[in-house]
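Structure, as structure tokens:
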Amino acid sequence: MKELPSGPLYWRLDNLPTLAQAQSAAGPTSLAAEIAGKVWLFTLGPKDGSTTGGTKVIEIGPIPPISASEYLLRVNRAGGAPGVKTKIHTHPGPEAFYVLAGKVGQRTPRGVTYAEAGTAMIGHGANTPMEVFSAGTTDLDELAIFVVDANQPFSSPASLD
């Protein structure tokens with residue numbers, strides 16, 4: 001997409017009865033998907049938005065601002081056993097997390113933050129080195145939600161000192 005809505009942005013996660021309804025309700029800054037036995041609509045927009053026919057799960061934000069000539073919206077489902085972690089990396093835009101099960105941790109130069117099942121965590125701005133890990137005593141199942149500069153590599157190796 002070429003532009004984002006103006007003002008502070010939030011990710012709104014809604015559940016809808018069917019994928020067809022989610023796709024029909026999707027706007028230019030929305031993604032619809034079936035994940036973990038539910039139909040989800042992920043919408044990037046202003047605070048306190050709503051989706052006709054949807055049940056709001058959570059609103060995450062405001063997300064760190066991003067400026068680019070073109071944007072990519074993306075949702076990844078990730079997880080793993082306690083202790084599993086990603087390589088240290090960056091993204092060319094902010095990331096947010098919604099935890100379906102378990103506990104996620106994120107280590108950055110600013111410290112370590114956590115979110116547990118049913119809660120969300122706002123990641124940091126573009127190009128912040130990070131390591132994401134399964135921090136609980138049970139398997140992690142989480143959604144990583146991104147808005148990034150579409151003209152940059154989605155993920156790049158980094159280091160944390």
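Its alpha carbons considered, the range 28-105 gives a radius of gyration followed by a Dmax of 14.3, 40 Å.
Taken as Cα centroids, the range 53-105 and the range 37-52 sit 15 Å apart, rounded to the nearest whole angstrom. Taken along the Cα-to-beta-carbon direction at a fixed 7 Å, the label points for ASN127 and ASP139 span 3.8 nm. Report summary: the helix-based calculation at 222 nm, which adds -39500 (n - 2.57) for every DSSP H run with n ≥ 4 and divides by the residues of the chain, gives -1000 deg cm²/dmol.
Normalising the Debye intensity of the range 7-63 to I(0), with uniform scatterers on Cα atoms only, and taking log10 at q = 0.17 Å⁻¹ returns -0.45. Going through (i) 1.21; (ii) 1.01; (iii) 1.12, the figure that equals Cα Rg over 2.2 N^0.38 Å as computed for the structure here is (ii).
Our note on the geometry: Cα centres of the range 125-154 and the range 10-29, 22 Å apart. Among the protein heavy atoms of the chain, carbon and sulfur supply 51% of the accessible surface, probe 1.4 Å, non-protein parts ignored. On a 31 Å Cα-Cα criterion, which of the cross-link pairs LYS2/LYS103; LYS38/LYS103; LYS56/LYS87 come out too long? From LYS2/LYS103; LYS38/LYS103; LYS56/LYS87, over 31 Å: LYS2/LYS103; LYS56/LYS87.
In percent, rounded to a whole number, the relative contact order of the range 51-161 is 40, using alpha-carbon pairs under 8 Å and six or more apart.
Of the residues ALA68, THR86, LEU143, the one whose Cα sits farthest towards the positive end of the charge dipole of the range 67-161 is THR86 (charges of +1 on Lys and Arg Cβ, -1 on Asp and Glu Cβ, taken about the Cα centre). Per residue, the accessible area of the range 10-56 comes to 50 Å², computed with a 1.4 Å probe over protein heavy atoms only. Modelled this way, with points 7 Å down the Cα-to-C-beta line, the labels at THR113 and ASP161 are 2.4 nm from one another.
The values are calculated or read from the model by the stated rules, or taken from the named source; none is laboratory data. Quantities reported herein were computed from a predicted structural model and do not represent experimental measurements. No Cβ is skipped: glycine too gets one built from the backbone with ideal geometry, and neighbour counts run over all protein chains shown. SASA here: full protein model, heavy atoms, side chains in, ligands and nucleic acids out. Shrake-Rupley method; radii C 1.70, N 1.55, O 1.52, S 1.80 Å.
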